[in-house]
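Here is the structure we will look at.
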Amino acid sequence: MNDTEFYYKYSDYMKQKYGQKVYKIPVNLPVSCPVRDGSLSTGGCVFCGDSAAGHEALSADLAPKEQIIGNIDYIGPNYGANLFEVYFQNFTNTYLPPAELKSYLYEAAASDDRIVRLTVSTRPDCIAGAYLDILKEVSINFGLDVCIELGLQSVNPATLRILGRGHGLAEYIDSVLLIRQYHFEICTHLITTLPWDTRDDIIEAAKILSVLQTDSVKLHSLYVEKNTRLAEWYADGTFVPIPIEEYISRTADFLEYLSPDISVQRLVARVPQDASIFANWGRSHWVLQDMIRDEMTRRGSQQGKHFSYGCDAQVRKFL
């Protein structure tokens, strides 16, 4: 972590790893989720809209290669981009039949020789050896790094039930342990503004992610997307966003207890204004990031300030 920063940026990690900036290319696939199609439930998670956060990607009606080449043709000359990370973003990508996912992964990997990395977003309860074996095969054949993004959102089982996630904390831990056997990187998603969570839940989440050594984390500020159950709860007062001051404090708490070796891909979630009813208290993500920085400065703090736990640290207290 740079001494001038209050957290370890993912962009810095990527520059250290690849020697230059790597540009992320989002890809949407025609896939669903077990809490949408009836396997576990219907309707999806309470916050999940029809695009499943795939707002920045092209239509899933386009083949992966078309989406990738279209984005590279734009980003490459406009930003001087030379290296790319393909990000399978929407819904639960390892919910596809293995053979179908394999075809998409091979198509993506072969799209451009400047692709150095494949990232696959999924749920903790949809990780299995069959999918990881395919990713390993693609990784070896194309010389690509692989990252699995796991949507945890909360470490509180009661909160996960309210959100309609359909899994608990144990499934997350189990999936991390399995992915580790394949030596893939792991990115964990967490929402720090859930009103059903407490400050203790946020700190415990930082500790759990640190002990399990997730490689990176994406923090989300819960927004209310149109046509979701959360939008209905927001309209009738069932869901009330936490105050912005509490969000800033929670995020600072999380960073203080997070291992300094874990890179942070995102501090604030973003959604197109026309797709949301409530998002980030009407502030831009730059303003919120500055507010978090100001809070960390006020505390004289930085990521990992309170990272002094784990078996060895605990035992030392009694020696």
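Within the range 102-114, being more than 20 Å from the chain's Cα centre (by Cα) and free of Cβ contacts under 8 Å to residues at least 60 places away in the same chain holds for Lys102, Ser103, Tyr106, Glu107, Ala109, Ala110, Ser111, Asp112, Asp113, Arg114.
Scan the range 63-77 for residues that are closer than 10 Å to Ala108 by Cβ and surrounded by fewer than 19 Cβ atoms within 10 Å (Cβ to Cβ) and report the count. The total comes to 2. Among Asp215, Asp201, Asp197, which is the only one that is under 16 Å from the mean Cα position of the chain (by Cα), buried (at least 16 other Cβ atoms within 10 Å of the Cβ) and modelled with pLDDT of 95 or more? Checking each option against the conditions leaves just Asp215. For Thr297, are the conditions met, namely being buried (at least 19 other Cβ atoms within 10 Å of the Cβ) and either part of a loop (DSSP other than H, G, I, E, B) or of a type in the set (Val, Ile, Thr) (or both)? The answer is no for Thr297. When Lys17 is tested against (1) modelled with pLDDT of 95 or more; (2) assigned to a loop (DSSP other than H, G, I, E, B), just one condition goes unmet, and that condition is (2). Within the range 135-162, residues that are aromatic (Phe, Trp, Tyr) have Cβ atoms under 8 Å from residues that are surrounded by fewer than 16 Cβ atoms within 10 Å (Cβ to Cβ) in these pairs: Phe142/Ala110, counting only partners at least 6 apart in sequence or on another chain.
Taken together, Leu177, Leu163 contain a single residue that is buried (at least 20 other Cβ atoms within 10 Å of the Cβ) and farther than 19 Å from Phe88 by Cβ, which is Leu163.
Scanning the range 164-191 for residues that are modelled with pLDDT under 95 and either touching a strand residue (DSSP E or B) at 6+ places or on another chain (Cβ under 8 Å) or in a helix (DSSP H, G or I) (or both) turns up just one, Arg165. Here is a check on your reading of the model: is Glu149 modelled with pLDDT of 95 or more, surrounded by 20 or more Cβ atoms within 10 Å (Cβ to Cβ), acidic (Asp, Glu) and over 20 Å from Phe278 (Cα atoms)? Yes. Among the residues of the range 259-271, not a single one is in contact (Cβ under 8 Å) with a residue 24 or more places away in the chain, assigned to a helix (DSSP H, G or I) and either over 25 Å from Cys48 (Cα atoms) or not basic (Lys, Arg) (or both).
May I ask you to verify whether Val120 is modelled with pLDDT of 95 or more, within 28 Å of Leu163 (Cβ to Cβ), in contact with a helix residue (DSSP H, G or I) (Cβ under 7 Å, 6 or more places away or on another chain) and not acidic (Asp, Glu)? In short, yes.
The values are calculated or read from the model by the stated rules, or taken from the named source; none is laboratory data. Computed from a prediction, not measured in an experiment: that's the story for all the values here. Note: ideal-geometry Cβ built from the backbone for every residue, glycine included; neighbour counts use all protein chains shown.
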